[in-house]
Each structure stands twice: as structure tokens, then as C-alpha cells.
Amino acid sequence: MNGPFDFTLGLGDDALVAAQRLAEWTTRAPEMEEDIALANIALDQLGAARLLLTYAGELEGAGRDEDALAYLRDDREFRNALLVELPNGDFAVTMAKLFFLAAYQLPLYSALAGCADERLAAIGAKARKESAYHLDHGALWVKRLGDGTEESHRRMQSAVDEVWPYTHELFAADPAAPVDPATLRPAFDDTVGSVLAEATLTKPEGPWAPAGGRTGVHTEHLSYLLAEMQVLHRAHPGARW
Amino acid sequence: MSEPTSREQTPLWEVFVRARRGLSHTHVGSLHAPDAELALRNARDLYTRRQEGVSIWVVPAGAITASSPDEKDAFFDPAADKVYRHPTFYEVPDGVAHL
Amino acid sequence: MYGNDFSAPADAADDTPGGGLLGEVEAAEAELRAAAARERRGGPAPDEDLAAYFDDVVGAEQKIEPRDWMPEAYRRTLIRQIAQHAHSEIIGMQPEGNWISRAPSLKRKAILLAKVQDEAGHGLYLYAAAETLGISRDELVQLLLDGRQKYSSIFNYPTLGWADVGAIGWLVDGAAIVNQVPLCRCSYGPYARAMIRVCKEESFHQRQGYEILHTLAHGTPAQKAMAQDAVDRWWYPSLAMFGPPDGDSTHSAQSMAWKIKRFSNDDLRQRFVDMCVGQAEVLGLRIPDEDLRWNEERQAYDYTQPDYDELMRVISGNGPCNRERMAHRRAAHADGAWVREAAAAYAAKRTEQKEKVAA
């Protein structure tokens, strides 16, 4: 990655794809109160995505607005990390994804809030507070499922094992970016270590570290997600909504 | 410990919100949650979606003892002190119309 | 970030639905406070007949509160009505939720997601109000899942296009508001207060639907056709939302006497039609009724009644989507069981630990 455009686009795509996945839970959550909580988090991610994509479009200077970037790019042009595009799975997989994402986004947005780019700093300052809530919510459920029943423990451990390899991509070094993701790793490891321990879960080991999202090489899942998200917009070129 | 069954009730909590600095906490409604931490989170999501509050209390409904309208308990059926009969929605917070 | 970044179309400002009704909601709220202020008595006198006391409170436009004595039939009627209202909010999330993933702009996606989330919230407010009558939410949810309590039949129709989201907002939410505004003055306090809150939040729903249709109707020919198609499909089911004609309505008279209900089904339906005609003109869309015309004598529109046989078929379970809606709700409930059990087990462990520390 290089330059603030790619960086901003990557963060915007992370937030957008995360929002799209979280919104899939609407009407399906384990409890009605949780339906509302997941929608809140999806709305936060969507709001951050809109700010980031709008700014990315301005940085690019080619006249693309948030909708042009969201609806008129193919999967090879998306720059989100693979973690967010993974299917929701069961509630444990979704909570593992949410928890890891928030444990990355919180230090990221906090660092961004102090960066030299004023627009990114403002977005970081706003999104940081939301990420703190997402982290709280994710951690709260990781603990409950990890230290709940035998079945929930089994499901939560299996979810952590499944999602964990995808976290490494989030911290690929990019010294030229407004915030170098590699610098966020210690904060992430601290948070994850203590929550998993409290949840009686084991932190996975192993060398597998899938990556490619930041350069547009995704899993097979993303193009399906985009096909659904973009179908109506693309069927009516140039229409206003 | 005993394994809870699906027929067991998730506890009921009463929610009190301070709408603005200088005002007291007011009862806004109730919700279900397995524990206090989740009850507080759920209350934030359910009752302050439109930024109606600066502070939230959650109280187990079972911890509330309610009086009878005239203190003549004989007038009320035997279920009268059941917690789920605690009145909800005493006060509608101001400003809910503004998203 | 709730997507409040929309506004009603400027040329429709006066006709924007909800405006006058929102005033009525506020009037109901003021009335509720006034009634509370002039309350003259706490409970019944020692030798007073409880039924007479109840009638006296209702007659004086005072609210019945959860711990007051009430006729058993009043309690049962309210439980049924409030629960079915709550179920409707929860099942009603499905047809619109169907379009969240495909919303055609990020702004629309945010607004729709916030709207469907509100419906979950309204369901929860209403379940809480029903619980004050001595029944638990779990029992009510079970009655829904077992098919022993109904929800509004309108949600058994499919959302086939994006314009359906607009038509639901304009017509279905519009009809719901016309139905619900009088409930803000219901004699049962918790229900009245819940409805005031719901109605205030719902005014945003109707406006967003109206704005979607307005944008489509003034967009490309394909968009306008999409909007008209949606209105054509949703008009009569929306009229049927007010229930059977007064002559066939079984519960109406008693509910009116108890001040649970304030207007008859046909009165509310007429009011809705009269509201919609002008709004449709501003949209530039046609209401699919050849016989719709102003009746000078009645000072109201004559209109074609919905097909009540169809309504009965849908209520009895044979609408296009009844089975899917119920299967979806049951699956969500069943799939979530292990999560709810885990949370309960975790809470029990924490309580146990605390008790040990205390001992």
C-alpha cells in the first residue's frame, strides 16, 4: 500500500464490508435485544465507511463519491482485509470476527485521531468511541460463550481458531501510511490475550497467515457479497435514489 | 451448578435514564438480560438509540417492592406483588422525535 | 450514526404524512399528563364495588395502572392486543429487512437499517407493556411461535422490489400510525405511554418511505414504474390492515367501552383513504381504484373496499409468506438457544462466585 488514498480506501472498505455482514444478522439474532445491538454496530461501521469512502474519493480527485466507490467497483478493486468478508457463521464466529476487528480498529482509530491529516484525525476521533463500544460488546460475548456452557465453549474456541489466522493481515507493515498498522500489534495482543484468558479460551498458534485483501486478492466470498450489495444500484446506471 | 433450561426466564430489569445533567433518573421501561452488565448494554441500545440519556441505571425488577394504590392489599389479586406487574413507561424522555 | 441525513421533499412539505398525526400524539401526551395532574383518588374506598371503581376511573379519562383492579376480560383483551402488536413489530422486520443488503445507496442502507432496528425496539417496548399485565415475554413469544397468537397480516405479503420499502413506509406505516395514534389515549397507562413513544419514533418511518417513493416517482421511467407497481400491490392490503368492516368486527364494542379503542375500523380506514389521496397526487402516483372519488355530501372519498375474503385467507395462514415468516422466526429462536443458555450459565457462575466470596 502507498499513500493516503489506498490507506483510507482500505479502512473504508473494512468498515463497509463489516457493516454488510453485521446487517445480515437483522431479524436473526439469538435474542431480540441482541438484534438491536448488532444493528447499532452495523450502523456505526456503515457511518464510518461513508466518511472514509467520501474522503477517499476526494483524495483520489476523480469525482467518485461514496456510492461510486461502494457500488461500482469489483472485488479485485476492494481493499478490505479478508477478516471482514468471511461469512458470519454462527454467533460465535461473528463475535470472534467482531472482537478481533474492534481490537484492531480501536488502537487504529485512536492513533488516527492524533495524525497530521485533519480529516482522518476527525474521523478517527469519532470512530474511536464507537470502536470502544464494539470491543466491549465483542469481549463481553467472547467471555460469556467461552465460559458459558460446554457447547458454547466448544463453539467459541472453534470460532477463534477459525478466524485467528486472518488477524495477521491487519498488521502488515506500511511505514508510509498515516498510521503504520504494524505499530498497533502490541495493543491488539494485550487486549486479545487478556480477554481470551478470562474466557478460558486458548490463543491459537500456527504459521498460516492468509492475506491479499489490501492488494485486491480476496477470498471467494467477497464477490458474492458485492453481487448482492450492488445488484440494484448497477441495474439502474446513473439513477438517483 | 445446574444447567439452565430453555424454559427458564431471562431476568427482567427496570431501566432508569438521566436525560440531561441536572435531572434525576427517570423510569423509562424494562428489558430482559441474563446479567447486569448485559442489561446495561441492552438498555443503552434500546432506550437511548436517539441520544436520550447521559446516565443509565438498571435494577433487577425482583428487587423492587411496589405499594398498592390504597395500601389495602386485600383488594388485589394474589399476583399483585409480582415484579412483572411493575409499571413501565412512566415518563417519555424529551426529544425522541429527533433522530 | 443513524442516517438522519434526509429531508422531506420541499414541494410536499404540507402533505408530508405524519405531520398532523404527530400533533395528535403530542396532544395525547399532554392529555395524559393533565389526567395525572387532576387525579382525585388513589384507590377504591373500603366498601366500594371494584367494578364501579374501575368504570369510574375509565369514565373520568384517568389511566388504569398495572396494580389497579381490572375486569379479567379487560386484562385478557389487552394482553392479546398488545402482544399481537408486539409480534407485528418483530415479524414486520422481515419484509423490509429483506432489502437492507441490496439498498441502492449507502444513505438508504443506513436509514433502512435504523428503521428496522427501531421496529425491534418497538416490539420490546410493547412486550414490556404486556408484561405489566401478568404474563411473561417468554410465554408471549411461545404463543407466537406456536401460532396461537397472530401478527398483522400485512407482513405476509412479499417485498419484491426496492419500491416496496417505500410503499411500506408510506402506506403500511401510514395505516399503522392512523391506527396507533388513538391508542396513545388508551385507558391502560403502560400501553398508552408505550404508544406515545412508538408513534413519535414512527413518524420518521413514514417520512422515509414517502421520500423513497417521491424520489423514484421523479426518477427514471423504470424507477417510476417500480414505484407504481409497489403502490398497486400494497394499496388494498394496507386498507385491510384496519380489520373487517364494522358490522363483522367481534371485539369492537367492548373495546370502545373500555376506551382501549377509540374509533371504529371503518372510521379509521376512511381517515386513511382521505389522507392518502392528496399525498398520492404529490407523488404523481395513481391509487389503483377506479371508483375513488370525492363525495361532497359525506365530505369524504368514496373508495373500493379491500377483498375481505382475501384478508380472512391470509389471517388463517394462507397468505403468500405466512409460512416463511414463521419459519424464519422459529429458526432464529431455535438457533439462538445455545447462546441464551450460555449467557444464563455464565451469569449463574458469576453469582455463585460472588456468593462464595461473600461467605
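The values are calculated or read from the model by the stated rules, or taken from the named source; none is laboratory data. These figures come from a predicted structure and were not determined experimentally. Here Cβ is always computed from backbone atoms with ideal geometry, including for glycine, and neighbour counts include all displayed protein chains.
Assorted remarks:
- Helices (runs of 4 or more DSSP H) lying entirely in segment A:1-96 (those with 1 or more residues that are among the polar types (S, T, N, Q) and farther than 27 Å from residue A:151 by Cβ): A:3-23, A:32-60
- Every pair of residues 6+ apart whose Cβ atoms lie under 6 Å, when the first sits in segment C:52-77 and is more than 21 Å from residue C:33 (Cα to Cα) while the second is among the aliphatic types (A, V, I, L, M) and part of a loop (DSSP other than H, G, I, E, B): C:75/C:133
- Every residue from segment C:107-149 that is over 27 Å from residue C:316 (Cα atoms), of a type in the set (D, E, K, R) and away from chain A (no Cβ under 11 Å): none
- For residue C:219, the conditions (1) in a helix (DSSP H, G or I); (2) over 22 Å from residue C:289 (Cα atoms) are fulfilled apart from (1).
- Verdict on residue A:26 being of a type in the set (Ser, Thr, Tyr) and under 18 Å from residue A:127 (Cα atoms): no
- Once segment B:1-38 is narrowed to residues that are farther than 30 Å from residue C:338 by Cβ and surrounded by 20 or more Cβ atoms within 10 Å (Cβ to Cβ), the residue that is modelled with the lowest pLDDT is B:19.
- Index of the failed condition, residue A:149 passing every other in (1) buried (at least 24 other Cβ atoms within 10 Å of the Cβ); (2) in contact with an Asp or Glu (Cβ under 6 Å, 6 or more places away or on another chain): (1)
- Residues that are surrounded by 13 or more Cβ atoms within 10 Å (Cβ to Cβ) and aliphatic (A, V, I, L, M) within segment C:306-332 comprise C:311, C:312, C:314, C:315, C:326, C:332, listed in sequence order.
- Taking segment A:88-146 as the range and being aliphatic (A, V, I, L, M) and closer than 19 Å to residue A:31 by Cα as the test, the residues that pass are A:92, A:93, A:95, A:96, A:98, A:139, A:140, A:142, A:145.
- Within segment C:138-185, tally of residues that are of a type in the set (Lys, Arg) and either touching a residue at least 40 places away in the same chain (Cβ under 8 Å) or buried (at least 24 other Cβ atoms within 10 Å of the Cβ) (or both): 2
Per-residue answers, yes or no, for (1) part of a helix (DSSP H, G or I); (2) over 12 Å from the mean Cα position of the chain (by Cα); (3) at pLDDT below 70:
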{"site": "B:40", "(1), (2), (3)": "yes, no, no"}
{"site": "B:65", "(1), (2), (3)": "no, yes, no"}
{"site": "B:74", "(1), (2), (3)": "yes, yes, yes"}
{"site": "B:93", "(1), (2), (3)": "no, yes, yes"}
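- Subset of segment A:121-143 [within 11 Å of chain B (Cβ to nearest Cβ), within 20 Å of residue A:16 (Cβ to Cβ) and buried (at least 24 other Cβ atoms within 10 Å of the Cβ)]: none
- Residues located in segment C:203-224, provided they are within 13 Å of chain B (Cβ to nearest Cβ) and closer than 20 Å to residue C:109 by Cβ: C:204, C:205, C:206, C:207, C:208
- The single residue among A:101, A:83, A:43, A:59 that is touching a residue at least 40 places away in the same chain (Cβ under 8 Å), in contact with a Phe, Trp or Tyr (Cβ under 9 Å, 6 or more places away or on another chain) and crowded, with 23+ Cβ neighbours inside 10 Å turns out to be A:83.
- Screening the candidates C:182, C:190 for the property of being within 10 Å of another protein chain (Cβ to nearest Cβ) and touching a Phe, Trp or Tyr at 6+ places or on another chain (Cβ under 7 Å) yields one hit, C:190.
This table checks each residue for (1) surrounded by 16 or more Cβ atoms within 10 Å (Cβ to Cβ); (2) within 21 Å of residue A:100 (Cα to Cα); (3) at the interface with chain C (Cβ under 10 Å from one of its Cβ atoms); (4) touching a Cys at 6+ places or on another chain (Cβ under 6 Å).
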position	(1), (2), (3), (4)
A:198	no, yes, no, no
A:201	yes, yes, no, no
A:205	no, yes, no, no
A:233	yes, no, yes, no
A:236	yes, no, yes, no
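- Qualifying residue in segment C:289-310 (condition: closer than 19 Å to residue C:227 by Cα, outside any helix (DSSP H, G or I) and at pLDDT 95 or above): yes
Yes/no per residue for (1) over 23 Å from residue C:157 (Cα atoms); (2) modelled with pLDDT under 90:
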{"position": "C:203", "(1), (2)": "no, yes"}
{"position": "C:212", "(1), (2)": "no, no"}
{"position": "C:216", "(1), (2)": "no, no"}
{"position": "C:232", "(1), (2)": "no, no"}
{"position": "C:239", "(1), (2)": "no, no"}
{"position": "C:253", "(1), (2)": "yes, yes"}
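Okay, residues lined up against (1) assigned to a helix (DSSP H, G or I); (2) at pLDDT below 95; (3) not β-branched (Val, Ile, Thr):
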| position | (1), (2), (3) |
| --- | --- |
| A:137 | yes, no, yes |
| A:140 | yes, no, yes |
| A:151 | yes, no, yes |
| A:154 | yes, no, yes |
| A:173 | no, no, yes |
| A:177 | no, yes, yes |
| A:184 | yes, no, yes |
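Conditions (1) farther than 30 Å from residue C:128 by Cβ; (2) among the hydrophobic types (A, V, I, L, M, F, W, C); (3) at pLDDT 95 or above, marked per residue:
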site: A:15; (1), (2), (3): yes, yes, yes
site: A:19; (1), (2), (3): no, yes, yes
site: A:24; (1), (2), (3): no, no, yes
site: A:41; (1), (2), (3): no, yes, yes
site: A:77; (1), (2), (3): yes, no, yes
site: A:87; (1), (2), (3): yes, no, yes
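- Per-region count, segment A:62-80, residues within 14 Å of chain C (Cβ to nearest Cβ) and surrounded by fewer than 23 Cβ atoms within 10 Å (Cβ to Cβ): 8
Residue-wise test of (1) under 24 Å from the mean Cα position of the chain (by Cα); (2) modelled with pLDDT of 55 or more; (3) within 12 Å of another protein chain (Cβ to nearest Cβ).
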residue	(1), (2), (3)
C:6	yes, no, yes
C:22	yes, yes, yes
C:34	no, yes, no
C:41	no, yes, yes
C:60	no, yes, no
C:65	yes, yes, yes
C:69	no, yes, yes
